[in-house]
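Reviewing the structure listed below.
The values are calculated or read from the model by the stated rules, or taken from the named source; none is laboratory data. From a predicted model like this one, the values you see are computed outputs, not experimental measurements. A quick note on method: Cβ atoms are made from the backbone with ideal geometry, for glycine too, and the neighbour counts reach across all protein chains shown. Each accessible area value is taken on the protein alone, full model and side chains, heavy atoms only, with ligands, DNA and RNA left out. Shrake-Rupley method; radii C 1.70, N 1.55, O 1.52, S 1.80 Å.
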Amino acid sequence: MTNVSADVVICGAGIAGVSIAYQLAVHHQMRNIMLVDPLPPLTMTSDKSTESYRNWWPGPGDAMVRLMNRSIDMLEQLHQQAPGRLHMNRRGYVYATANTDSVDSLIAGAQEISRLGAGPLRIHHGRGSDPIYTPFGEHGIFDAPQGADLLLDGDLIQRYFPYLTKRTVAVLHTRRCGWFAAQQFGMYMLEKARECGVQLRSGQVADVIVNGGKIEAIRNRW
Ligand SMILES: Cc1cc2nc3c(=O)[nH]c(=O)nc-3n(C[C@H](O)[C@H](O)[C@H](O)COP(=O)(O)OP(=O)(O)OC[C@H]3O[C@@H](n4cnc5c(N)ncnc54)[C@H](O)[C@@H]3O)c2cc1C
């Protein structure tokens, strides 16, 4: 058995473990960090993701909205550092219904999520007094509208979403949402963490040895 020493051992090199290694090493200048996984990095669940993100989450409470707003801030910072490499877009999510009975609950849900901190809700009835609707092709990531746009007029819906059935009666277009290359983000963070000294080791954490209420050692199967 080989004994190696580390101040921090991170169990698992999925996106969660890699992000922790990156934050500790790059942003908090911590050294002597070991990332342990029996598999190559980012190959288990993190390899299966649809790679979409959104800040538009229902309650109860605002925990998810706050978590996601902060997480998206961090994604945007990474994207600013390496824009050519970390593909990210802000196309939004679309929730649509052709059922008139569902419209009231769609509006109530959207108002609640907006109140929780996901951004303003703009309602479009197809009248001259409507707020401005900016389609996704007319903005980038950093000048994108916040919150959501709720389209309640059939002509408007067909103009901007012609691929939806003409029976569609409401479209909720949530804006701080989109797609990003999660694998690329993960590899970028891993490279930066390794440049700051994080060691990646193949192994399986088998035991955590605690002495006097403190972690004394981690036993690995190498
Ligand atoms: C089909 C699908 C679609 C998804 N779509 C999205 C999406 O669009 N947007 C989104 O945000 N999320 C999505 N997710 C969720 C997201 O992919 C996961 O939340 C995320 O990948 C989990 O990352 P993780 O690092 O926690 O876990 P994992 O990627 O599973 O990493 C865990 C790692 O720990 C290692 N490990 C386990 N036990 C040990 C041990 N004893 N010692 C050492 N290492 C160990 C494993 O080998 C593995 O590499 C989706 C998930 C799935 C399955």
Under a plain spin-label model, where a point goes 7 Å from the Cα along Cα-to-Cβ, how far apart in nm are ASP47 and THR168? 3.6
With a 1.4 Å probe and every protein chain left in place, work out the accessible area per residue of region 89-179 in Å², rounded to a whole number. 53
Quick one: order ILE33, ILE132 from most to least accessible surface, probe 1.4 Å. ILE132, ILE33
Among the trypsin sites (Lys or Arg not before Pro) in region 73-168, which ones are in a DSSP loop with at most 12 other Cβ atoms within 10 Å of the Cβ? Mind listing them? ARG127, LYS166, ARG167
Could you give the angle, 0 to 90 degrees to the nearest 10, between helix 182-195's Cα long axis and the longest principal axis of the Cα atoms of the chain? 30
Antiparallel bridge percentage (DSSP; both residues within the chain; nearest 5): 60
Would you please name the chymotrypsin sites (Phe, Trp or Tyr not before Pro) within region 28-101 that are DSSP coil residues with at most 16 other C-beta atoms within 10 Å of their C-beta? none
As I understand it, the value is the acute angle between the Cα axis of helix 103-113 and the longest principal axis of the Cα atoms of the chain; what does it come to in degrees, rounded to 10? 40
In deg cm²/dmol, rounded to the nearest 500, the helical mean residue ellipticity at 222 nm of the chain, built from -39500 (n - 2.57) for every DSSP H run of length 4 or more, is -8000 deg cm²/dmol
Quick one: which residues, 5 or more positions from GLN204 or on another chain, have an amide H under 5 Å from its amide H? H modelled 1.01 Å from N in the peptide plane, none for Pro or chain starts. ARG221, TRP222
For the chain, set up a Gaussian network in which alpha carbons nearer than 10 Å are linked by springs, and say which option among ALA118, ALA206, ALA96 fluctuates the most. ALA206
Hey, what do the phi angles of region 36-41 turn into as Karplus ³J(HN,Hα) couplings, whole Hz, using 6.51/-1.76/1.60 and θ = phi - 60°, x for Gly and Pro? 10, 7, x, 9, x, x
Probe 1.4 Å, all protein chains present, accessible-area order of LEU106, LEU151, largest first: LEU106, LEU151
Restricting attention to region 145-188, which chymotrypsin sites (Phe, Trp or Tyr not before Pro) occupy a DSSP loop and are surrounded by at most 12 other Cβ atoms within 10 Å? TYR163
Rank these residues by their accessible area, most exposed first, probe 1.4 Å: ARG194, ARG175. ARG194, ARG175
How would you rank 34-41, 11-18, highest first, on the average number of other Cβ atoms within 10 Å across their residues? 11-18, 34-41
Can you give me the angle between helix 63-81 and the longest principal axis of the chain, using Cα atoms only, in degrees from 0 to 90, rounded to the nearest 10? 80
Please report the carbon-and-sulfur percent of the accessible area for the chain; probe 1.4 Å, protein heavy atoms only, DNA, RNA and ligands left out. 52
In whole angstrom, the spacing between the Cα centers of region 159-218 and region 29-98 equals 5
